[in-house]
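Report on the structure given below.
Only the coordinates and a few stated rules stand behind these numbers; no lab work does. Because the structure is predicted, anything quoted here is derived from the model rather than measured.
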Amino acid sequence: MKKKCDKCDNPATVHMTEITGGQKVEKHLCEDCAEAEGITIKTNVPISQLLEDFVLQTSSDAPDMPDLKCDLCGMTFGEYRDASLLGCPNDYEAFSPALVPMIVRAQNGADQHVGKVPQRADETMRKQNEILRLRSELKQAVHAEDYEQAANLRDQIKNTEEK
């Protein structure tokens, strides 16, 4: 059952517990009564709104590259800028000349996610993460038919596993 405001019969949206002189006092107020008592209310911004605002800001900062177009879905970079939504997974590759600078700016200079390892992680966990990263790079090298790089990565994986 929803609580009602202590001052009026409106639904209470502000719930406070004060401890004064060892006594616990609970207050349930509506926004108007809370404001009248001088209680400021910080509204929470949903994460979806924060992300939408971020995408809109970064897409408006993006260079204008109207000739970029996805071969699979047909979306143009201009359409992405207007909608702030990509049409298909291939758009990341198709629009990479414009998206990578935005991602680098948003990630404080990083253009590739390599994962995080807790400070207290033991050496085994660090080694496992390193092997996973190297395997991912190996897969990319094979896909790009860069067999020399793939051989180097294979050797690095072998050496890391043997340690």
**Report entry** log10 of Debye I(q)/I(0), alpha-carbon scatterers only, for region 123-162 at 0.18, 0.21, 0.29 Å⁻¹
**Finding:** -0.44, -0.57, -0.90
Query raised in the report: For Lys139, which lysines qualify as cross-link partners when the Cα separation must be under 23 Å and same-chain residues fewer than eight apart are set aside?
Result: Lys116, Lys127, Lys158, Lys163
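For Val14 and His143, compute 0.36 nm times the residue count separating them, minus their Cα-Cα distance, and round to one decimal in nm. Write out the running numbers ahead of the final one.
On the way: separation 129, 0.36 × 129 = 46.44 nm, distance 5.62 nm.
My answer for the length gained is 40.8 nm.
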Query raised in the report: Fully extended, how many nm does the chain gain between Leu132 and Lys69 (0.36 nm per residue separation, minus their Cα-Cα distance)?
Result: 19.4 nm
